[in-house]
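Q: Pasting in a structure now, in structure tokens, and then I'll have a few things to ask.
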Amino acid sequence: MPKTLLQCYNKGCLKKFDPDENAPDACVHHPGKPVFHDAYKSWSCCKARTTDFTEFLNIKGCTKSYHLDTKPPESPKPERKIDPELEAQLEAANQQKTAVRAQITPIIRPDENDPLVRLRSSVGSSLTPLLSKLSLEKKVVVPETEADSVVTVGTTCKNAGCRQTYKGEQSNLDFCLYHAGYPIFHEGMKYWTCCQRKTSDFTNFLEQQGCTSGKHVWIKKKTAEAQTSCRFDWYQTANSVVISIFTKLPIPDESYVEANPVKLHLHITFGEDRTVYDQVMVLHGVIDVEKSTVQYLGTKVEVNLKKRDIVSWRLLTVAPPKPRIQDGNGDIKDT
């Protein structure tokens with residue numbers, strides 16, 4: 001009878017192990033915390049860092065110890081104390097808002113497939129002197145060799161959220177469950193734009209099963225422009241939604257942001273290596289494209305989206321519908 005393997009919950013490991021073979025050096029993990037700064041992702045316990053989120057998840061641990069089969073405790077959340085009188089006032093205000101909304105005629109949402117228009121942009125004073133020092137030579141593309149296309153046993157799938165490893169040709173036939181979106185860290189919460197399952201715990205965030213099915217990607221193809229994910233945040237005022245993409249040294253001449261009333265396309269080239277951040281998102285609310293702007297700064301790109309209606313956005317983007325897959329018996333099921 002095969003032994004029951006336990007799940008290790010150390011950050012950077014997350015492997016299954018035999019408790020009878022758990023040794024002082026069996027687990028290679030990160031004892032530190034994740035650090036996200038200026039588009040770079042790293043661990044506080046070691047020097048390795050990268051701009052790509054999937055590569056960050058695959059950074060090999062820097063410390064050896066025993067495997068841990070219990071989840072680390074979540075940080076305690078502070079209790080919220082609300083004055084009873086204030087709570088009653090808020091409840092009355094919410095009831096009034098509900099009554100007003102019931103009288104409002106629904107507004108037809110624009111089609112997300114409408115043509116995209118480039119937003120007006122400007123360059124901030126913090127970026128101008130940095131651009132003058134930047135070498136404008138294009139990065140040399142290294143041609144892919146035959147050795148680069150050979151997959152070795154043990155290679156981890158490069159799709160975000162998938163931790164499957166290559167075991168042979170049979171692995172190419174397995175379903176890959178991954179996150180097609182990008183990670184967002186907003187007001188202490190961590191989630192993927194493609195499924196919106198929010199958590200405040202980083203370990204739980206890393207363990208979230210993918211929501212999209214497809215084929216495994218064992219080797220990323222080399223392209224003229226290396227694409228990446230970037231740290232991303234947003235906030236809103238009564239009239240605007242402001243998005244910050246933390247790309248150090250963005251290059252305005254090789255970047256653009258375009259939109260229609262409900263869709264946004266970001267294409268940002270940044271750094272001496274000319275790394276590219278390219279994302280398309282369907283917005284939760286509706287914007288006034290003509291009054292929306294982009295500003296390129298030394299450490300980030302700030303997109304100011306003018307709201308068409310003075311309403312609060314519950315989310316930044318609309319989560320796409322979850323795909324359905326066919327199992328070995330021919331049955332269709334949700335992922």
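The values are calculated or read from the model by the stated rules, or taken from the named source; none is laboratory data. Values in this document were obtained by computation on a predicted structure and should not be read as measured data. Because the Cβ atoms are built from the backbone with ideal geometry, glycine has one as well, and the counts that use them run over all protein chains shown.
Q: Mind checking which residues of segment 40-59 are surrounded by 16 or more Cβ atoms within 10 Å (Cβ to Cβ), in contact (Cβ under 8 Å) with a residue 24 or more places away in the chain and assigned to a loop (DSSP other than H, G, I, E, B)?
A: Listed by number, the residues that qualify are 51, 52, 59.
Q: Let me ask another. Restricting the first residue to segment 284-302 and requiring it to be assigned by TED's automatic domain parsing to the domain that holds residue 258, which pairs with a second residue that is aromatic (Phe, Trp, Tyr) and not in a strand (DSSP E or B) meet a Cβ separation below 9 Å and a spacing of at least six or different chains?
A: Taking only residues 6 or more apart or on different chains, the pairs are 284/313; 285/313; 299/246; 300/246; 301/246.
Q: Keeping to segment 232-248, report how many residues are surrounded by 21 or more Cβ atoms within 10 Å (Cβ to Cβ) and either assigned to a loop (DSSP other than H, G, I, E, B) or of a type in the set (Asp, Glu) (or both). Talk me through it step by step, then tell me what you get.
A: Initial filter on segment 232-248 (surrounded by 21 or more Cβ atoms within 10 Å (Cβ to Cβ)): 232, 241, 243, 245, 247.
Subsequent filtering for residues that are either assigned to a loop (DSSP other than H, G, I, E, B) or of a type in the set (Asp, Glu) (or both) retains 247.
Counting residues in segment 232-248 that are surrounded by 21 or more Cβ atoms within 10 Å (Cβ to Cβ) and either assigned to a loop (DSSP other than H, G, I, E, B) or of a type in the set (Asp, Glu) (or both) gives 1.
Q: Name, by its number, the condition in (1) assigned to a strand (DSSP E or B); (2) out of contact with any strand residue (DSSP E or B) (no Cβ under 6 Å at 6 or more places or on another chain) that does not hold for residue 298.
A: (1)
Q: Could you say whether any residue in segment 76-98 is at pLDDT below 85 and closer than 30 Å to residue 19 by Cβ?
A: Yes, some residue in segment 76-98 is at pLDDT below 85 and closer than 30 Å to residue 19 by Cβ.
Q: While we're looking at this one, here's another question. Can residue 190 be described as exposed (fewer than 14 other Cβ atoms within 10 Å of the Cβ) and either in contact with a helix residue (DSSP H, G or I) (Cβ under 9 Å, 6 or more places away or on another chain) or at pLDDT below 85 (or both)?
A: no
Q: If you don't mind, another one. What number of residues within segment 1-39 satisfy the criterion of being surrounded by 11 or more Cβ atoms within 10 Å (Cβ to Cβ) and without any contact (Cβ under 8 Å) to a residue 40 or more places away in the chain?
A: 9
Q: Please work out which one of (1) farther than 28 Å from residue 167 by Cβ; (2) touching a residue at least 24 places away in the same chain (Cβ under 8 Å); (3) in a helix (DSSP H, G or I) is the condition residue 253 fails and give its number.
A: It fails just one condition, (2).
Q: Pull up segment 257-284, narrow it to residues that are not acidic (Asp, Glu) and not in a strand (DSSP E or B), then point me to the one that is farthest from residue 234 (Cα to Cα).
A: 274
Matching residues to (1) at pLDDT 85 or above; (2) under 28 Å from residue 15 (Cα atoms):
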residue: 145; (1), (2): no, no
residue: 150; (1), (2): no, yes
residue: 167; (1), (2): yes, yes
residue: 199; (1), (2): yes, yes
residue: 214; (1), (2): yes, yes
residue: 219; (1), (2): no, yes
residue: 225; (1), (2): no, no
residue: 235; (1), (2): yes, no
residue: 240; (1), (2): yes, no
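Q: Further, regarding this structure: Of the conditions (1) farther than 14 Å from residue 216 by Cα; (2) at pLDDT below 90; (3) not polar (S, T, N, Q), residue 174 fails just one. Which one is it?
A: Answer for residue 174: the failing condition is (1).
Q: Right, something else. Yes or no: segment 275-294 includes at least one residue that is aromatic (Phe, Trp, Tyr) and at pLDDT 95 or above. Before you say what the answer is, go through the steps one by one.
A: So in segment 275-294, the residues aromatic (Phe, Trp, Tyr) come out as 277.
Those left that are additionally at pLDDT 95 or above: none.
Within segment 275-294 (the criterion being aromatic (Phe, Trp, Tyr) and at pLDDT 95 or above), the answer is no, since none of the residues qualifies.
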